[in-house]
Amino acid sequence: MNRDEALAAFDRGLRRDARPLTPGDRVEHVGRVIRYLGDGWDCVIWSDLDDATADAEIAAQVSSFTSPGRGFEWKLYAYDRPSDLPSRLLKAGFVPGEEETLMVAEISDLDTEVALPDGVSLRPVATDADVDLMMSVHDQVFGTSSDLAAALRAQLAADTLVAFVVTAGDEPVSAARMELYPGTGFAGLWSGGTVPGWRGRGLYRALVASRARIAATRGYRYLQVDASADSRPILERLGFHPLTTTTPYTYQP
């Protein structure tokens, strides 16, 4: 995979030319900033700043987002400019989250064979009850997210989401989702997680393979992941390549 080509395609398709995932979401181009306003996620996803414009633009976004009393995220990538943008965001009152690695793979390079251990099954998420099962895994692995279930239901209705739950009998033990970005060549892997007691049995690998298989049938070229430190080595073994790092900076009024 040509990493420079993949990163350029990612920056263009998922940042500069981003499109709403559901009819209720909005993408706004405001000055030198592009922001995404969705169900439970308001975020600056791209910016074109320099030493002379950065502080004023940061202040403008803080004023715009917080005037109705809501917080927001500034999703910063390591190649964003100016180079001291992280310190400028800190000075403006933003709080950095955990740094993640942007990892990308060409789907044609991945093993899409789904192998599950005995006693478990893979269940597509299609109904409200399935979303509830998925959220039960998410809450155990990542903590609660009150807005996520509504966003998942909206994306399912818009056909921009594919998700799976792994069950052992009636018990949900692992889950993951994939967002589809039409016209970009990319699909994004999110929230892959397994409850304690079921880790180390290949469920994460099976969920990656199952989503890669679906993405391939729908004509996507790349899979993208914002990988945690725990996920990165697993994804590298599966054929993903690190392209850059990304850090969420959040602002609460």
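The values are calculated or read from the model by the stated rules, or taken from the named source; none is laboratory data. Worth saying up front: this structure is predicted, and the values here are computed from it rather than measured. Cβ coordinates were reconstructed from backbone atoms using ideal geometry, including for glycine residues, and neighbour counts include every protein chain displayed. Please note that ligands, DNA and RNA were not included when accessible areas were found on the heavy atoms of the full protein model with its side chains. Shrake-Rupley method; radii C 1.70, N 1.55, O 1.52, S 1.80 Å.
Within segment 212-225, being open to solvent by less than 30 Å² (accessible area, probe 1.4 Å) and farther than 17 Å from PHE164 by Cβ holds for TYR222, GLN224. Taking segment 152-177 as the range and being touching a residue at least 60 places away in the same chain (Cβ under 8 Å), assigned to a helix (DSSP H, G or I) and surrounded by fewer than 20 Cβ atoms within 10 Å (Cβ to Cβ) as the test, the residues that pass are ALA154, ALA157, ALA158. Contact map, segment 52-65: first residue in contact (Cβ under 8 Å) with a residue 60 or more places away in the chain, second residue among the hydrophobic types (A, V, I, L, M, F, W, C), Cβ cut-off under 6 Å, separation 6 or more or different chains; pairs are PHE65/PHE72. Within segment 178-194, the set of residues being open to solvent by 10 Å² or more (accessible area, probe 1.4 Å), in a strand (DSSP E or B), touching a residue at least 60 places away in the same chain (Cβ under 8 Å) and touching a Lys or Arg at 6+ places or on another chain (Cβ under 8 Å) comprises TYR181 only. The condition (being within 23 Å of ALA9 (Cβ to Cβ), in contact with a strand residue (DSSP E or B) (Cβ under 8 Å, 6 or more places away or on another chain) and at pLDDT below 95) is satisfied by just one residue among GLY188, GLY192: GLY192. The requirement of being at pLDDT 95 or above, of a type in the set (Val, Ile, Thr), open to solvent by less than 10 Å² (accessible area, probe 1.4 Å) and within 26 Å of TRP41 (Cα to Cα) is fulfilled nowhere in segment 226-245; no residue meets it.
Among the residues in segment 108-128, are any part of a helix (DSSP H, G or I) and open to solvent by less than 30 Å² (accessible area, probe 1.4 Å)? Within segment 108-128, none of the residues are part of a helix (DSSP H, G or I) and open to solvent by less than 30 Å² (accessible area, probe 1.4 Å). You will find that of ASP50, ASP11, the residue that is open to solvent by 50 Å² or more (accessible area, probe 1.4 Å) and at pLDDT 95 or above is ASP50 and no other.
When you check GLY197 against the structure, is it modelled with pLDDT under 95 and part of a strand (DSSP E or B), yes or no?
Working: modelled with pLDDT under 95: yes; part of a strand (DSSP E or B): no.
It is false that GLY197 is modelled with pLDDT under 95 and part of a strand (DSSP E or B).
Figure legend. Inter-residue proximity from segment 67-79: first residues on the phi < 0 side of the Ramachandran plot and surrounded by fewer than 19 Cβ atoms within 10 Å (Cβ to Cβ), second residues modelled with pLDDT of 95 or more and β-branched (Val, Ile, Thr), beta-carbon distance below 6 Å, spacing 6+ or different chains. Indicated pairs: ALA78/THR244; ALA78/THR245; TYR79/THR244. When GLN140 is tested against (1) open to solvent by 20 Å² or more (accessible area, probe 1.4 Å); (2) in contact with a strand residue (DSSP E or B) (Cβ under 6 Å, 6 or more places away or on another chain); (3) of a type outside the set (A, V, I, L, M); (4) more than 25 Å from PRO23 (Cα to Cα), only condition (2) is not met.
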